[in-house]
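K.L.:
Right, I'll just put the structure down here and ask away after.
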Amino acid sequence: MSKYEIHEVMEFPKVTNWIDGAIVTALYQCAGSDTMPLTFTHPEFFLHRNVYNILSPNLFVYVDRKAPSDINQSLEFSGEFTRITSKFIENFKVGSFQVYLFNLRWQSLRAPVWHRRPLVERKLSLLYCVGEQERMSVYAYRKNWVPDFFIGVTDGHRFGGNKNPVNKLTTHGMQSEAARSVPVSRYYITDHFLNEKKADVLHEGEYIYSLEPGFPFKFKKIALLSTKWGRYGQKTVLGGATLFEVMLV
């Protein structure tokens, strides 16, 4: 079985002529077979939610310690408005991870209520990595790989068996100055945070801060993407999957 490093496989969708233009990456931890980010990060949906000048991800990296028995089938979807078809390309090793590469075709079957026509068809690629998010974080840091988007909607602690919830705003004991130097994704999508300063309401342009003294990052709300993606019974000020920009305090 072939073995590659993370930076090498990021070029596969372009090498195979499946994706044209710039590769924009999104890492989704404990993703299972959730196809919602493929829809709610569509460029025209971004515009509908007043998200401007931010490129939509077209290469998704799903990380989960329990892969579906049939990953290809689990990534396919057909509903009233949307159809997603998946084609398995190959599997290989990335570091110690077993990885499966898929090319996806996202199609809009009819115009949503907020649009005059069906949305533009998209060609996407997806790397399904079997393993724990903690190991992926260590590997990515060592290889100096940072996704453009980080998706923490399912949290991983509650659903995915991670030792630590990824949405907890803590340095895990790291000194503040050292934490400031850690490269992080510019954009963050989640439906909740832990260890954050509570707020009754959060408007666009307002910030989420950590309760932990010295935590070096703040999260600027850009837009609520969808109330249909996330929460899962939790009461949260965000109301659903929300897009943030990550900034230094």
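K.L.:
Return the residue satisfying two criteria in turn: it lies in the range 20-49 and is among the β-branched types (Val, Ile, Thr) and buried (at least 20 other Cβ atoms within 10 Å of the Cβ), and of such residues it is farthest from Ser108 (Cα to Cα).
P.N.:
The qualifying residue farthest from Ser108 (Cα to Cα) is Thr25.
K.L.:
Which residues, counting only those in the range 157-182, are among the polar types (S, T, N, Q) and modelled with pLDDT of 70 or more?
P.N.:
Asn167, Thr170, Thr171, Gln175, Ser176, Ser181
K.L.:
Can you name the residue in the range 119-147 that is hydroxyl-bearing (Ser, Thr, Tyr) and either at pLDDT below 95 or assigned to a helix (DSSP H, G or I) (or both) and is also surrounded by the most Cβ atoms within 10 Å (Cβ to Cβ) among such residues?
P.N.:
Step by step, filter the range 119-147, then rank; the result is Tyr139.
K.L.:
Next question. Give the number of residues within the range 185-219 that are assigned to a loop (DSSP other than H, G, I, E, B), among the acidic types (Asp, Glu) and surrounded by 13 or more Cβ atoms within 10 Å (Cβ to Cβ).
P.N.:
3
K.L.:
Are there any pairs with C-beta distances below 8 angstrom linking a residue in the range 193-213 that is more than 14 Å from Lys168 (Cα to Cα) to a residue that is in a loop (DSSP other than H, G, I, E, B) and not charged (D, E, K, R), with the two at least 6 apart or on different chains, and if so which?
P.N.:
Going by the 8 Å Cβ cut-off, the qualifying pairs are Ala199/Val237; Asp200/Val237; Val201/Val237; Leu202/Val237; Leu202/Leu238; Glu204/Asn50; Glu206/Ala199.
K.L.:
Between Thr236, Thr242, which is of a type in the set (Ser, Thr, Tyr) and at pLDDT below 95?
P.N.:
Exactly one of Thr236, Thr242 is of a type in the set (Ser, Thr, Tyr) and at pLDDT below 95, namely Thr236.
K.L.:
Oh, and also: Looking only at the range 174-183, decide whether some residue is in contact with a Phe, Trp or Tyr (Cβ under 8 Å, 6 or more places away or on another chain), in a loop (DSSP other than H, G, I, E, B) and among the aliphatic types (A, V, I, L, M).
P.N.:
yes
Every residue, every condition in (1) surrounded by 13 or more Cβ atoms within 10 Å (Cβ to Cβ); (2) within 15 Å of Met10 (Cα to Cα); (3) of a type outside the set (D, E, K, R), yes or no:
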{"position": "Pro68", "(1), (2), (3)": "yes, no, yes"}
{"position": "Ile71", "(1), (2), (3)": "yes, no, yes"}
{"position": "Tyr100", "(1), (2), (3)": "yes, yes, yes"}
{"position": "Arg110", "(1), (2), (3)": "no, no, no"}
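K.L.:
Let me confirm something: among Thr35, Thr25, Thr82, which residue is within 23 Å of Arg117 (Cα to Cα) and within 15 Å of the chain's Cα centre (by Cα)? Let's see the steps before the verdict.
P.N.:
Details: Thr25 fails: within 23 Å of Arg117 (Cα to Cα); Thr82 fails: within 15 Å of the chain's Cα centre (by Cα).
Being within 23 Å of Arg117 (Cα to Cα) and within 15 Å of the chain's Cα centre (by Cα) holds for just one of Thr35, Thr25, Thr82, which is Thr35.
K.L.:
Next up: Residues of the range 201-220 being on the phi > 0 side of the Ramachandran plot and at pLDDT 95 or above, which ones? Break it down stepwise before answering.
P.N.:
Narrowing the range 201-220 to residues on the phi > 0 side of the Ramachandran plot: 205, 214.
If the condition is that a residue be on the phi > 0 side of the Ramachandran plot and at pLDDT 95 or above, then Gly205 is the only one that fits.
The values are calculated or read from the model by the stated rules, or taken from the named source; none is laboratory data. The structure presented is a predicted model; accordingly, all values stated were derived computationally and were not measured. Counting neighbours? That spans all protein chains shown, and the Cβs are built from the backbone with ideal geometry, glycine included.
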